[in-house]
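In what follows, a single structure is set out as structure tokens and then discussed.
The values are calculated or read from the model by the stated rules, or taken from the named source; none is laboratory data. Everything quoted here is computed from the prediction, not taken from an experiment. As a convention, Cβ positions derive from the backbone with ideal geometry for all residues, glycine included, and neighbour counts pool all protein chains shown. Accessible surface is based on the protein model in full, side chains and every heavy atom, while ligands, DNA and RNA are left aside. Shrake-Rupley method; radii C 1.70, N 1.55, O 1.52, S 1.80 Å.
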Amino acid sequence: MTLVLNEEEIMLRDSAAGFLTETANVEAFRKHRDNPPAAGFDKALWGSIAEMGWCGIAIDEAHGGLGYGFTGLGLIIEQMGKNLTVSPFNSTVLMASTAIAQFGTEAQKQEWLPKIAAGDVVMSLAIQEGSHFDLDSLSTSVSMQGDGFALKVEKRQVLDAISADAFVVVAKGASGYQAFIVTADQVSVRNQSMVDALSSGTVVIDTRLTAEAQMDADSLNNGGLERALDMMNIGLAAELLGVSTEAFELTVGYLRERKQFGKVIGSFQGLQHRAADLFAELELCKAIVLKGLRAVDAGEDLSGLASAVKAKLAQISQRATNEGIQMHGGIGMTDEYNIGFFIKRARVLEHTLGDFHYHLDRYALQGGY
């Protein structure tokens, strides 16, 4: 497995970087924060993303996608992290389409994946129930009712909940995990104010579902759910890499400009050591994220690896953003400087689908420690 990008991947990365830097950058994020649209995202931007084929980049050709692979998806997500791009890309493309591909029925794949690839729908994953993500703590909320199912549950921290046309809902029944595709007219949503200014909500479900809404329970309970979550966490780690890299670059730029005691503060040896150490950690992070993305495309076992990737990027994103704030000094927490946006985004990403401690513990258990 090579941990360097090939020519096509470099072109994709650079193309994504160019588009997002121009149209979906940090200044666009600032405008979104100050005046968020009713949908929670810019529909014109979402249309442009779909037109470029990004929504279907990891969906196979048989279901309307490009079949380019998960590495390409990760490269785009990384650039979105660098630019703090506001879109339902994570909820719809990284999470919902991955879940459907891993444990959806063939009929559900044929119905929903082409719509996702075309950018025609917004979907989200509804799985977390408590204040923190913990798959083992899901309540028993599914019961049989005639030839269908009754589902009564509240799902928290659901990305883009107010704008979603449908949800992949993962719950627990008497005989194991169950998953359903539930449309927006079957739920109620309480919008939430998130520290990173992106859209999230609590989804309240109390409805009867037909058998056609049920996803493939065998696939779900025989590795499909775990693999889907592993893929999602590797994708989130790619965004954390983008956030961390940009936070570091902003900090280095500040060190080169800010003067104290008549000297540029970047000339102070103590700050140089801290920056150099963080640079080395970020280079390691680039390698481990790429290893995770390559492992998905190769069909390798992700157990252990995905949690190692997420835990490492959660740890280093904390460090990169904390160091950024500290080396900017008190002014780093003012609204005038962009560095504060990155620490907020990093914290939300870290806690999505399991934080550093959750994944470090999972990695240890997977390794038999």
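Given springs between every Cα pair under 10 Å in a Gaussian network model of the chain, which of Thr202, Thr98, Thr334 has the largest fluctuation? Of the options given, Thr334 has the highest mean-square fluctuation. Normalised size of the range 266-369, defined as Cα radius of gyration per 2.2 N^0.38 Å with N residues, equals 1.24.
Our estimate of slack between Leu66 and Arg208, defined as 0.36 nm per intervening residue step minus the Cα-Cα distance, is 47.6 nm. Taking amide H atoms as placed 1.01 Å from N in the peptide plane, the amide H of Met215 lies under 5 Å from those of Ala179, Phe180, Ile181, each 5 or more residues away in sequence or on another chain. Of all accessible surface on the range 28-148 at a 1.4 Å probe, what whole percent is carbon and sulfur? Result for the range 28-148: 49 percent of the exposed heavy-atom area is carbon or sulfur. Each part gets one Cα centre, and for the range 192-231 versus the range 241-258 those centres are 36 Å apart.
Rolling a 1.4 Å probe over the heavy atoms of the protein chains gives the chain an accessible area of 43 Å² per residue.
Taking Ser219, Ser124, Ser91 as the candidate residues, the one with maximal mean-square fluctuation in a Gaussian network model of the chain, Cα springs under 10 Å, is Ser219. Size of the range 211-273 from its Cα atoms: along the principal axes, largest to smallest, the extents are 72, 21, 11 Å.
Here r is the Cβ-Cβ distance between Ser303 and Ser131 and R0 is 22 Å; the resulting FRET efficiency, rounded to 0.05, is 0.30.
Ligands, DNA and RNA left out, the 1.4 Å accessible surface of the range 192-294 is 52% carbon and sulfur atoms. Each part reduced to its alpha carbon centroid, the range 269-335 and the range 347-369 end up 15 Å apart.
Scalar couplings 3J(HN,Hα) for the range 82-93, obtained by applying the Karplus form with A = 6.51, B = -1.76, C = 1.60 to θ = phi - 60°, are 5, 9, 6, 4, 9, 6, x, 5, 5, 5, 8, 8 Hz; x denotes Gly and Pro.
Taking the Cα centre of the range 210-369 as origin and assigning +1 to Lys and Arg Cβ atoms and -1 to Asp and Glu Cβ atoms, the resulting dipole is close to 860 debye.
When only alpha carbons are used to place a centre, the range 1-62 and the range 120-175 end up 27 Å from one another.
What you get for the chain, charging only the Cβ of Lys and Arg (+1) and of Asp and Glu (-1), is a dipole of about 1200 debye around the Cα centre.
Karplus-based coupling profile of the range 327-336, in residue order and whole Hz: 7, 6, x, x, 5, x, 8, 7, 6, 5, with θ = phi - 60° in 6.51 cos²θ - 1.76 cosθ + 1.60 and x standing for Gly or Pro.
Using semi-axes √(5λ) of the Cα gyration tensor in Å as the read-out, say which of (1) 35, 21, 20; (2) 40, 33, 19; (3) 32, 26, 19 was calculated from these coordinates. Here the calculated entry is (1). Sequentially through the range 245-250, phi angles give Karplus couplings (6.51, -1.76, 1.60; θ = phi - 60°) of 5, 5, 4, 5, 5, 4 Hz, Gly and Pro residues having no value and appearing as x. For Leu12, what is the net charge nearby, where nearby means another residue's Cβ is under 15 Å from its Cβ and Lys, Arg count +1, Asp, Glu -1? Value of the local net charge: -3.
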